[in-house]
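Read-outs throughout are calculated quantities, based only on the coordinates presented, and are distinct from any laboratory measurement. Values in this document were obtained by computation on a predicted structure and should not be read as measured data. Note that we place each Cβ from the backbone using ideal geometry, even for glycine, and neighbour counts take in every protein chain shown.
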Amino acid sequence: MNQLDKIKTENIDGYKGEGFMVTKFSEAIGLARANSIWPLPFATSCCGIEFMSTMGPNYDLARFGSERLSFSPRQADLLMVMGTISKKMGPILKKVYEQMAEPRWVIAVGACASSGGIFDTYSVLQGIDRVIPVDVYVPGCPPRPEQIIEGVMQIQELIKNESIRRRDMPEYQKLLEAYEIE
Amino acid sequence: MTNEAVLSEIQSKFGDKIIAHSEEYGMLILEILSDANVEIMQYIKENASCKMTFLTTLCGIHYPEKSGKELCVMYQLHNMEINYRLRLKAYIPISNPKIKSVSGLFASANWQERQEFDFYGIEFEGHPDLRRILNMDEMDYFPMRKEYKLEDGTREDKEDKFFGR
């Protein structure tokens, strides 16, 4: 087995032999999806600056297969919300989420996106989970690029381990119904 | 142009429409009749001896303790040629927060009057498009009015090492 095969089959269940491997379709697809996430950066403030650093050569999110940012929600897999979301921005964020095709994941980067942070005030949404479901929260004000990468890796774990058609799961449909998303 | 000269010029023209005057940090402040805001500002803008053609800013103020004069609209005018500034204040009651719009005189007042409507609920009569501008359209209160309790300083529900304060 060469180096590349070793990495690729590290976390996968299956039968391995000389030059071949048998595994479940869902595992293979999960692995492929996890390593080709197209993120949509929804950056409104300082966490967005940390994200720029995360995408840059020092931290290099491309190592995780996420170098291709999608600035259209229609092609994006992962919505990265970075920064303070005001109540006025809430419906826009929800619309962006609704325009994303399944499968889709959401990561809330920083204290503001997760809970409103220091902005405990009339105009700021107290966490984006008030309008859209969130898969991974990254704490910090702002979080360091290492933390953002850790968050993306958590998303990768989710992608590898959940059903490849999670939109058909009753729990997931119930969750979307709770947010009044069709 | 001195404060005294400007004051006597405006006073001789408008008389008792200038309710009071004072000076702070060298800047002349005139309290004007709220109904007369447009005519006074038009005069100050167009009259050759004033020529304050630039509206630096316009803002709302809430004085909860001043009964009948709870809301105030403050205008700052600027004569760009000789760098002279003037401040005007017009008080209106919170029960009937209406004042004439100066957006016909100064185009920049359009945005600022919308903002003051948004935050204080001051209705600028004659404004071409008086809608909320910064807050969400569904908001049914005026957040900058001093009628909300200050936060309890001992509040603990947001104390969180990573996400709160």
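The alpha carbon radius of gyration of chain A, expressed as a multiple of 2.2 N^0.38 Å, is 1.10.
Here the relative contact order of region B:3-97, from alpha carbon pairs under 8 Å that lie six or more residues apart, stands at 25 percent. Using only side-chain charges placed at the Cβ, +1 for Lys and Arg and -1 for Asp and Glu, the dipole size of the protein assembly as shown relative to its Cα centre rounds to 460 debye.
Listed by Cβ neighbour count within 10 Å, with the fewest neighbours leading, A:Trp38, B:Trp111 appear as B:Trp111, A:Trp38. Restriction of the chymotrypsin sites (Phe, Trp or Tyr not before Pro) in region A:28-93 to DSSP coil positions whose beta-carbon has at most 16 other beta-carbons within 10 angstrom yields A:Phe71. For the segment A:111-123, counting C-beta atoms of other chains within 10 Å of every residue's C-beta and taking the mean gives 4. For chain A, a simple Cβ point-charge model (Lys and Arg +1, Asp and Glu -1, everything else neutral) yields a dipole of about 360 debye relative to the Cα centre.
Can you flag which of A:Lys88/B:Lys89; A:Lys95/A:Lys174; B:Lys17/B:Lys66 are past 22 Å Cα-Cα?
Checking Cα-Cα distances, A:Lys88/B:Lys89 exceed 22 Å.
Compared with the direct C-alpha span, the chain from B:Ala48 to B:His21 gains 7.5 nm at full extension, assuming 0.36 nm per residue. Dipole size of chain B about its Cα centre, with +1 on Lys/Arg Cβ and -1 on Asp/Glu Cβ: approximately 280 debye, rounded to the nearest 20.
The label point for A:Asn161 and the one for B:Val38, both projected 7 Å from the Cα toward the Cβ, are 6.8 nm apart. DSSP beta bridges fully contained in chain A are about 30 percent antiparallel.
Quick one: among B:Leu105, B:Leu150, B:Leu30, which has the greatest mean-square fluctuation in a GNM of chain B with alpha-carbon springs under 10 angstrom? Per the Cα network of chain B with a 10 Å cutoff, B:Leu150 tops the list. Counting other Cβ atoms within 10 Å as a rough exposure proxy, the listed residues B:Met1, B:Met136, A:Met82 run B:Met136, B:Met1, A:Met82 from fewest neighbours to most.
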